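Heads up, the thing below is written out as structure tokens.
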Amino acid sequence: SQLHIRGFEPTRALNASGWSDADILSQRVPAFVESVLASKHRTERGFDLRDAALVVATLDQLIFDAESALLEKVYSQQRWSVKASLDTSALGGILESYMVHWMMGNDSASIRALLSNRSLLESAFPHWGELAVFTRGERAAVDFRRQRAPTQAARAGLSRPGHNGLSSGYSFEDAHSIVGGITRAFGSYWESECSSMKSALVAMDTHHTGRVPMSKFYGTGMGEDWRFGESESYLRELGALDESSALLGKQVIIPNYIQAASNCIVSAPHYLVCCTNDCEEILGEIEQAVGAPVAEPAVLLEIVGNMSSHTDLDSEEVMVRLGSGSGSLTAQLEQIAATHGGQVPLHGRLFAQWLHYAFPRECPFPHKAGDASALTPAEFGRGFVASESEMKMHTSANASSPMNVTMGREELQWMSQWSEEEELIADYRASGLSARWGSVGSLAWRLGALLVVGGLVGALGLGGRKGVAGSVLLPTHSKSHYV
């Protein structure tokens, strides 16, 4: 999913109790849900499917309410009553204003400037013309539903009586249905930009380690069209920086960077709209093939050995990467299993780490809980972008770099970031594992996170509730990613 729910980020720092006062859940969810998440239920029983369903339904309501509140704000600013029936032109103005508010958040001055100057709007937003076409497509989808099944649309609360395929007017409910479709589909629509960004990074990863030296990341030209400009300190905060190799120096981890909050196109109060996590499909295929929460190393090696279609590495390179002998990925997987009585938990940190090295451009490196954050540029502060002197410092190091194209992965210390700390999202003792359970409690919340991320897109299709506007920072508003 491209929706990252605030409070459920994998990089989220934890306090001793596992839930902080700043969490989205403690701010907004009903008391009975919070009491479940913060009570003995969490530590004594863990979260089951029903608990996850309650949280998903609550988050669905929060997102619906946030859309409604922002849409009401736009109606008010354009002096329309929410009871008004709008023609196509008026609806177009509402949707255009909504998109600017949604993507710019609380930056009122910039919103006013953009909405009052068409030329500025089209130059400030990348591909604004395509965004307008996308919005019109969502409106056409609502038109189709009104024409095809007007009774069902009205019963579901997606339209108001009298507003159907035979009517040229659009109700507030129609407009809300359109913006709800935008929320659900926008991440997929914007994925082409994420793919372009990843391709640029992959082209710099000559050794197929999923890492780019800082000198290449900042680029030798540092021209106006150069995409990558986060500061070293911000990259470190995001968990996108590998500083473990004394030989190679600091490197940007491609999947961690792609998934970082700095690349999320929308930052709303309850969620971020970000790039797709390519590793979700890989893990999903493994889960389907195994059909259990744990598996033996031989089973996993056979599955992963036939998964070259999920990566730009060919099948031969995947097999070479798995390898054999001390220090190989095969040996590492067997060591993980030895830690857990001969079975590998599929939802532990060590297996996620193993997947990262098996698919270094697709699967992010799993930092230990609390070691990285999901701060947006606005939340991090003014130092999020690298200064020209910082960029020059790193690019000048390129000439003295010891890396060359003939060096093998072992010489490159390609697994120097590996660590032995395990973290599990559930109690696997029912599966017969003899694991070290020290960190299970601190990560119990991630079970809910996985279920929410997996099911939220479907849950968002639930419709028919009622009216919290957002804190949004468009990446292109702060750095020139999209050119």
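The values are calculated or read from the model by the stated rules, or taken from the named source; none is laboratory data. Because the structure is a prediction, the values reported are computed rather than measured. Positions of Cβ are generated from backbone atoms using ideal geometry, with glycine treated the same way; all protein chains shown enter the neighbour counts. Remember, those area values only see protein heavy atoms, side chains included, never the ligands or the DNA or RNA. Shrake-Rupley method; radii C 1.70, N 1.55, O 1.52, S 1.80 Å.
In the range 85-96, which residues are outside any helix (DSSP H, G or I) and either modelled with pLDDT of 95 or more or open to solvent by 60 Å² or more (accessible area, probe 1.4 Å) (or both)?
Correct list: Ser85, Asp87.
Of the conditions (1) in a helix (DSSP H, G or I); (2) out of contact with any Gly (no Cβ under 8 Å at 6 or more places or on another chain), His356 fails just one. Which one is it?
Condition not satisfied by His356: (2).
Looking at (1) over 28 Å from Glu193 (Cα atoms); (2) under 24 Å from the mean Cα position of the chain (by Cα); (3) not in a helix (DSSP H, G or I), which is the only condition Asn106 fails?
It fails just one condition, (1).
With (1) buried (at least 16 other Cβ atoms within 10 Å of the Cβ); (2) assigned to a helix (DSSP H, G or I); (3) within 14 Å of the chain's Cα centre (by Cα) as the list, and Leu283 as the residue in question, which single condition is left unmet?
For Leu283, the exception is condition (3).
If I ask for residues that are on the phi < 0 side of the Ramachandran plot, part of a loop (DSSP other than H, G, I, E, B) and either among the hydroxyl-bearing types (Ser, Thr, Tyr) or more than 11 Å from the chain's Cα centre (by Cα) (or both), which ones from the range 248-275 would you list?
Leu248, Lys250, Ala268, Pro269, His270
In the range 380-403, how many are small (Gly, Ala, Ser) and at pLDDT 85 or above?
5
Hey, Leu121 hits all of (1) at pLDDT below 85; (2) among the aliphatic types (A, V, I, L, M); (3) in a helix (DSSP H, G or I) but one; which does it fall short on?
(1)
Are there any pairs, at least 6 apart or on different chains, whose C-beta atoms fall under 8 Å, with the first in the range 50-66 and under 23 Å from Phe172 (Cβ atoms) and the second open to solvent by 20 Å² or more (accessible area, probe 1.4 Å) and part of a helix (DSSP H, G or I), and if so, which?
Leu62/Arg28
Does Ser116 count as within 11 Å of Ala175 (Cβ to Cβ) and of a type outside the set (D, E, K, R)?
No.
In this structure, is Gln288 open to solvent by 20 Å² or more (accessible area, probe 1.4 Å) and over 22 Å from Phe217 (Cβ atoms)?
Considered against the rule, which asks whether it is open to solvent by 20 Å² or more (accessible area, probe 1.4 Å) and over 22 Å from Phe217 (Cβ atoms), Gln288 comes out as yes.
Out of Ser245, Ser231, Ser215, I need the residue that is buried (at least 16 other Cβ atoms within 10 Å of the Cβ), more than 21 Å from the chain's Cα centre (by Cα) and more than 28 Å from His347 (Cα to Cα). Which one?
Criteria check complete, one pass: Ser215.
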